[in-house]
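As structure tokens, the structure follows; a few thoughts come after it.
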Amino acid sequence: MLTTILDIVIGGLITGGIYALIAVGLSLQYGVGRVLNVSHGEFIMIGAFATYSLYVLFGISPLLSLVICGPFLFILGFLIHRTLFQRLRDTSESIDVFEGNSLLASFGVLFIIQNLALIIWKANIRGYTYLVYPVNIFGATFTTNRLIVLLFAVVISLGFYIFLTRTRLGKAIRAAAQDPTTAALSGVNIKQVLAICFGLGALMAGFAGPLISMIYQITPTMGMEYTIIAIIVVVLGGLGSITGSLIGGFILGLIGSIVTHFDPGLSLVAYYVIFILLLLVRPTGIMGK
Amino acid sequence: MDIIGGIFKRFRVPRLIILILLILLATLPLYAPGYTVILLTAILMYIILTVSWTIFSGPTRYISLASAAFFGVGVYTMAILGKALPLAAIISIGALVSFILALFIGFLTLRLRGMYFIIFTFGISELIKHSLLWWETNMTGTVGRWVVRVDHDQVYYIMLAIFVVLMLTAYFIRHSRFGLALKSIGQSEEAAAHRGINVTLVKVVAFAISALFMGAAGAIMATRWAYIDPRIAFNPLLSFMPVMMAIFGGMGQLYGPVIGAAVFTYLAEILMTRFAYYYMLIFGSVLVLAILYLPNGLIGLLQKWRKRGTAEQQAST
């Protein structure tokens, strides 16, 4: 009994940690930049495949890839925002129009990245084994790689939270999220902050990708699934709330783990049911005002 | 130039063009090769999805991503009833089921606006897809279903008929008090309510009417595909495409979404057959460029050209 519960809870925390990471990224991009970035999952996919290739071809440790993929995707995200979304923001007549246009533009980005990945890596399902030693926790068995993923997900999430609440740049980001106009008047370089936010969202994808590749199989078309989960978590936590996304990620991971224990086929259905009920009963999410 | 312009005005050329186009479309299977008929069926399908999406989402500015749900319900109606009933009856039932589903979703989503509405409509069609997927694997044991085959020309004619009825409906809605009510909801929902418009009813009815045509198109398209499963019938692309096509074409005029869908589908078809490998890459680039440089759609571009043309004319005289 205890073993089963431990199995479900720790399993749920592992997926939950990943969900939290990817949701924080999306939350930042939408909450501050108003870009519902549906290509978020493609950034995760780039991270996962880069890690795979580096490991299989050059034997570079997936944990080292975290430090390579993160910054690389940050720069990519920063540049995409600077060239594409900032321009859209300047030309759109209102923020609502911008939301619609940026949603469509990110679909374009999704198609481009996914197709490039299909050309480079083909449509095969891939995976590798890394640190799969069994570890016994009070009778429940887990492999080392899964526990490492949980550890890194928690550390990165906490680190990011501290960055947002304790640093000057974090303060500027939160100011821009609350009121871009006033933030700009108080000397925040809003264009820079928005691009940094989008880049940070991509950075989170760049951290999630390598971790996902360590414990799950990957394909070039895997992005959409993670984007959808990120959207569900962001709504669960409250649109734009970083803390909400972190907590929401772990909650959804636990729910998924419980449902999977009874019927693996129903976990996605359960996510959607929660999602829809939540939108109907409390659309502002758990942390929303 | 002036003489031609005069003729255009006097004989109401748009109507004449529409008539000629309709006659051409109606007689097409008599002389065109089979491939053209199939291609046009696909184009008509996307035009139907896009125009019916625009009926609701165009004036009200509520972006719905539930098109796949209504289309898929039509597809499954055909797959389940295919052998039991005549074609016309199944298509009507498919349309009706979509209509009722849209009424239901419409009443559920009344409180949601903006991004919440977009995400909700997307969620509901994904929920239907995954529930059906689970049901088919666990209860019926087979994920996919075979659909009765129907002659290509017949599919084409039914699609054309749905298209014509849809265009007439869209035209009448646009020029009616109902259409005005929809438009005023898009501009300001509070103001519309204060004016005595039953905002809820108007929104839900428009949403259901748009679903009606999507369901009908899904039912007949199922026979073209022959084999279907939940992933095909409720493909999220079926929700995204109409939005892109409508924006690509421009929603200011009734013919904007038609042209957008026609150009987009044709482009997609050509890209898919000629550059299968780079199809999505080119498609994505076109999409990004279109949003960056054609904010008002193709129609906006045409209108800009026309304005420039008349300005030059006036300058020269």
So A:LEU239 fits all but one of (1) over 19 Å from B:ARG111 (Cβ atoms); (2) buried (at least 17 other Cβ atoms within 10 Å of the Cβ); what number is the exception?
-> (1)
Applying the selection to the stretch B:84-100, what residues are farther than 10 Å from B:ILE209 by Cα, crowded, with 19+ Cβ neighbours inside 10 Å and not small (Gly, Ala, Ser)?
-> B:ILE90, B:ILE91, B:ILE93, B:VAL97
Mind checking which helices (runs of 4 or more DSSP H) fall wholly inside the stretch A:56-175 and carry at least 2 residues that are away from every other protein chain (no Cβ under 14 Å) and surrounded by fewer than 17 Cβ atoms within 10 Å (Cβ to Cβ)?
-> A:62-80, A:144-166
Restricting the search to the stretch A:242-266, which residues are at pLDDT below 85 and among the polar types (S, T, N, Q)?
-> none
Report yes if B:LEU87 is within 10 Å of chain A (Cβ to nearest Cβ) and of a type in the set (A, V, I, L, M), otherwise no.
-> no
Give the stretch A:163-184 a look and list any residue that's closer than 20 Å to A:SER94 by Cβ and among the aliphatic types (A, V, I, L, M), or say none.
-> A:ALA176, A:ALA177, A:ALA183, A:ALA184
Of all residues in the stretch B:270-291 being surrounded by 15 or more Cβ atoms within 10 Å (Cβ to Cβ) and either polar (S, T, N, Q) or over 22 Å from A:VAL38 (Cα atoms) (or both), the one that is farthest from the other protein chains (Cβ to nearest Cβ) | B:LEU271
All positions within the stretch B:128-163 that are in contact with a Leu (Cβ under 9 Å, 6 or more places away or on another chain), of a type in the set (A, V, I, L, M, F, W, C) and under 19 Å from A:PHE275 (Cβ atoms) | B:ILE128, B:LEU133, B:TRP134
Any residue in the stretch B:144-155 that is over 16 Å from B:ILE232 (Cβ atoms) and within 14 Å of another protein chain (Cβ to nearest Cβ)?
-> no
What do you reckon, is B:ALA191 in a helix (DSSP H, G or I) and either modelled with pLDDT of 95 or more or closer than 29 Å to B:ALA88 by Cα (or both)?
-> no
Scan the stretch B:133-143 for residues that are farther than 21 Å from B:LEU85 by Cβ, more than 10 Å from every other protein chain (Cβ to nearest Cβ) and in a helix (DSSP H, G or I) and jot them down.
-> B:GLU136, B:MET139
Yes or no: B:GLY106 surrounded by 20 or more Cβ atoms within 10 Å (Cβ to Cβ), touching a Gly at 6+ places or on another chain (Cβ under 8 Å) and more than 22 Å from A:THR227 (Cβ to Cβ)?
-> no
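Yes or no, residue by residue, for (1) buried (at least 19 other Cβ atoms within 10 Å of the Cβ); (2) within 12 Å of chain A (Cβ to nearest Cβ); (3) among the hydroxyl-bearing types (Ser, Thr, Tyr):
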site: B:TYR76; (1), (2), (3): yes, no, yes
site: B:GLY82; (1), (2), (3): yes, no, no
site: B:PHE117; (1), (2), (3): yes, yes, no
site: B:GLY123; (1), (2), (3): yes, yes, no
In the stretch B:85-100, is there at least one residue being at pLDDT 90 or above, touching a Lys or Arg at 6+ places or on another chain (Cβ under 6 Å) and aliphatic (A, V, I, L, M)?
-> no
Only unsatisfied item for A:ALA208, checking (1) touching a helix residue (DSSP H, G or I) at 6+ places or on another chain (Cβ under 8 Å); (2) part of a helix (DSSP H, G or I); (3) modelled with pLDDT under 95, is (3)
Please indicate, with yes or no, whether at least one residue in the stretch A:33-45 is at pLDDT 95 or above and aliphatic (A, V, I, L, M).
-> yes
For the stretch A:33-57, the count of residues that are closer than 16 Å to A:TRP121 by Cα and of a type outside the set (Gly, Ala, Ser) equals 12
Can we say B:ALA84 is farther than 25 Å from B:GLU269 by Cβ, out of contact with any helix residue (DSSP H, G or I) (no Cβ under 7 Å at 6 or more places or on another chain) and among the small types (Gly, Ala, Ser)?
-> yes
Identify all residues within the stretch A:131-146 that are out of contact with any Leu (no Cβ under 8 Å at 6 or more places or on another chain), hydrophobic (A, V, I, L, M, F, W, C) and over 16 Å from A:GLY12 (Cβ atoms); write none if there are none.
-> A:LEU131, A:VAL132
Can you tell me which residues in the stretch A:181-200 are assigned to a helix (DSSP H, G or I), of a type outside the set (S, T, N, Q) and without any contact (Cβ under 8 Å) to a residue 12 or more places away in the chain?
-> A:ALA183, A:ALA184, A:LEU185
Look through B:THR36, B:THR27, B:THR60 and report the one residue that is modelled with pLDDT of 85 or more and in contact with a helix residue (DSSP H, G or I) (Cβ under 6 Å, 6 or more places away or on another chain).
-> B:THR60
Can you run down the residue pairs with Cβ atoms below 6 Å, 6 or more apart or on separate chains, where the first is in the stretch A:7-29 and touching a residue at least 60 places away in the same chain (Cβ under 8 Å) and the partner is outside any helix (DSSP H, G or I)?
-> A:ASP7/A:ALA140; A:GLN29/A:VAL35; A:GLN29/A:ASN37
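The values are calculated or read from the model by the stated rules, or taken from the named source; none is laboratory data. Because the structure is predicted, anything quoted here is derived from the model rather than measured. Every residue, glycine among them, receives a Cβ derived from its backbone with ideal geometry; neighbour counts consider all protein chains shown.
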